[in-house]
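Asks: Following this message is one structure expressed as structure tokens.
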Ligand code: NAD
């Protein structure tokens, strides 16, 4: 297969002409591109580190313009009936489906994930549009029994305002889509700050969406894009017009953002780092467990928030499990993610590679034994390609309390299920977890109130690869947010509780008497 180039993919997505004198636009506001000249950074693909131009960074005036335009658009958009807003999202799905392959290829080039996973990510956007379309007819509230005669008590959900969306590099399309598609049907406007590591994928998404919004007659400014780094993210967090800030990324980022938003009594929706574990019980079906472990640990080169970091195996099986895993790791095809046989692409950058190397050193100092991996791969393009590593640990150490965003799997043994669950829960993060068992008691204990403390707790399913229908997110240092399916739409709306008196008297709640005689005049 001839590897495709960024120029070809940008051309097929219709954004090639947006690059002017090597510079990509710093923002897209009201469907128009802007090019700030004050600051930029160099772009290159993690596949081969070859430069593909400069990314201009949005400046203060663009930030105010984008937020101002979004607020104006919101004032109009909130009056559109929700099912009609749903039709706009349906049209977005059709547009995305037409460009699925090209958009996936841009993800491959910018984020370095393999094409099958990139196609899955674009499919997630399309699926999310389906979910949002259905949701647009079900933004329903409650009718509650009133304690007072001839009174009605109801709850309604109204559009919220301007939603700021900050996204991470590893899901440059799906996470934005989870937020934006639901926000749109809920009647909100969106200002997006993507990761500085995947700006072109964001430009392509904006191009597809802006075209549909224009064709559908949606108010200009409804969806805007601001390119930039943490500083722009911080400005969104501090801006009083951003009613909800949805931020996906590291715990470090979430801690900073949450404080800024809380300071102005704004709302934040945090989807932060994970440190996910999988338990192998004595009776586990290893034919299911082993492939699930491998996909969870090395898929997306270990760069998913739900990637498997800690494998907790019953002491009776640990040697057999490690042996099987080492055998499979030895055969993994690592290399250019554009090749169909590749299973593991590059790490996003040299910083990620260094973090993995440092963590391996730390684990060895703590008494860990490297069973395989950790070496830089040679004979592939110049990028940050690494052999996924497995390290057997004598116990859960301080080094294992942090997320290392790389294909590095720690293995621990346990004796009792209570001990395994305690190890699962011991880390500060609480995103994803799994148990492999054929014993119903073990399975039920793991997902019970005294089992896994994570937002996602699976049985005989790996830690990564969630479906969109459920609420996605995690507890503790993962931030507590829930996105995607279930009732996640409520994040993007405000609740209004209404008490309506249709009688001729004015009884007070809780039987309170407060007699005031109206003036007979
Ligand atoms: P990152 O925290 O470096 O950056 C994420 C985004 O936040 C980027 O857009 C970045 O510019 C912005 N940002 C960084 N610091 C900021 C600050 N102080 N104020 C405002 N914005 C700031 O993360 P990354 O390396 O892009 O992504 C990897 C991390 O994201 C991992 O920790 C991973 O677990 C997490 N993640 C979580 C989920 C989830 O749903 N829980 C999904 C994907 C990724």
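What follows draws every value from the coordinates through simple rules; no lab data is involved. These numbers come from a predicted model, not from an experiment. Cβ placement follows ideal geometry from the backbone for every residue including glycine, while neighbour counts extend to all protein chains displayed.
Asks: Mind giving me the nanometre distance, one decimal, between the label points for residue 250 and residue 378, set 7 Å out from Cα along Cα→Cβ?
Replies: Calculated label separation equals 3.0 nm.
Asks: Round to a whole angstrom and tell me the spacing of the C-alpha centers of segment 305-350 and segment 374-412.
Replies: 9
Asks: On to the next question. Principal axis lengths of segment 1-81 from Cα atoms, whole Å, largest first?
Replies: Computed over segment 1-81, the largest-to-smallest principal extents equal 50, 34, 21 Å.
Asks: Whole angstrom only: what separates the Cα centroid of segment 201-231 from the Cα centroid of segment 239-277?
Replies: So the two Cα centres are separated by 22 Å.
Asks: Take every Cα-Cα pair in segment 436-502 and report what % of them are more than 18 Å apart.
Replies: Values: 1194 of 2211 pairs.
The share of Cα pairs beyond 18 Å in segment 436-502 comes to 54 percent.
Asks: With the Cα gyration tensor of segment 60-217 in hand, convert its eigenvalues to equivalent ellipsoid semi-axes via √(5λ) and list them largest first in whole Å.
Replies: Numbers: eigenvalues 208, 65, 42 Å².
Semi-axis lengths for segment 60-217 are 32, 18, 14 Å.
Asks: What are the equivalent ellipsoid semi-axes of segment 220-346, built from the alpha-carbon gyration tensor (square roots of five times its eigenvalues), in whole angstrom, biggest first? Before the final figure, lay out the partial values.
Replies: Values: eigenvalues 322, 77, 23 Å².
Square roots of five times the eigenvalues give 40, 20, 11 Å.
Asks: Another question, if that's okay. Run lengths n ≥ 4 of DSSP H only: what is the helix-derived mean residue ellipticity at 222 nm for the chain, with -39500 (n - 2.57) per run over all residues, to the nearest 500?
Replies: On the way: 14 runs with 185 residues, N = 521.
Value at 222 nm, helices only: -11500 deg cm²/dmol.
Asks: Just want the ordering: 160, 308, from fewest to most Cβ atoms lying within 10 Å of their own Cβ. Please list the in-between numbers first.
Replies: On the way: 160 22, 308 29.
Exposure proxy ranking, most exposed first: 160, 308.
Asks: A further question on this structure: Given the chain, report the % of alpha carbon pairs whose separation exceeds 42 Å. Please report the intermediate quantities before stating the final value.
Replies: Details: 32086 of 135460 pairs.
That fraction is 24 percent.
Asks: With 10 angstrom as the radius, rank 136, 307, 448 by how many other C-beta atoms surround their C-beta, starting from the fewest.
Replies: Values: 136 25, 307 30, 448 11.
Placing the least packed residue first, the sequence is 448, 136, 307.
Asks: May I pose another question? To test your reading of the geometry: what angle, between 0 and 90 degrees and rounded to tens, separates the Cα axis of helix 82-98 from the longest principal axis of the chain?
Replies: 30
Asks: Let me ask something else. Just want the ordering: 315, 72, from fewest to most Cβ atoms lying within 10 Å of their own Cβ.
Replies: Working: 315 11, 72 17.
The order, fewest Cβ neighbours first, is 315, 72.
Asks: Give the percent of DSSP beta bridges with both residues in segment 276-467 that are antiparallel, rounded to the nearest 5. Walk me through the intermediate numbers first.
Replies: Working: 4 of 27 bridges.
The antiparallel fraction comes to roughly 15 percent.
Asks: With everything on Cα atoms, drop me the angle between helix 318-329 and the longest principal axis of the chain, reported from 0 to 90° to the nearest 10.
Replies: Between helix and principal axis, roughly 90 degrees.
Asks: Could you tell me how many degrees, from 0 to 90 and to the nearest 10, lie between the Cα long axis of helix 286-298 and the main elongation axis, the longest principal axis, of the Cα atoms of the chain?
Replies: Taking the Cα atoms of the chain, the angle to 286-298 is about 80 degrees.
Asks: Please work out how much length the chain gains when fully extended from residue 370 to residue 140, using 0.36 nm per residue of separation minus the C-alpha to C-alpha distance, in nm with one decimal.
Replies: Numbers: separation 230, 0.36 × 230 = 82.80 nm, distance 5.37 nm.
Taking residue 370 through residue 140 to full extension adds about 77.4 nm, to one decimal.
Asks: Return the equivalent ellipsoid semi-axes of segment 290-345 as a descending list in whole Å, where each equals the square root of 5 times an eigenvalue of the C-alpha gyration tensor. Walk me through the intermediate numbers first.
Replies: Numbers: eigenvalues 108, 38, 8 Å².
Equivalent ellipsoid of segment 290-345: 23, 14, 6 Å, largest first.
Asks: Could I ask something else about it? Plugging the Kirkwood radius over Cα pairs into Stokes-Einstein for segment 276-467, at a temperature of 20 °C and a viscosity of 1.002 mPa s, what D comes out in µm²/s? All intermediate terms of the calculation are to be shown ahead of the outcome.
Replies: Details: Rh = 16.6 Å.
This corresponds to a translational diffusion coefficient of 129 µm²/s.
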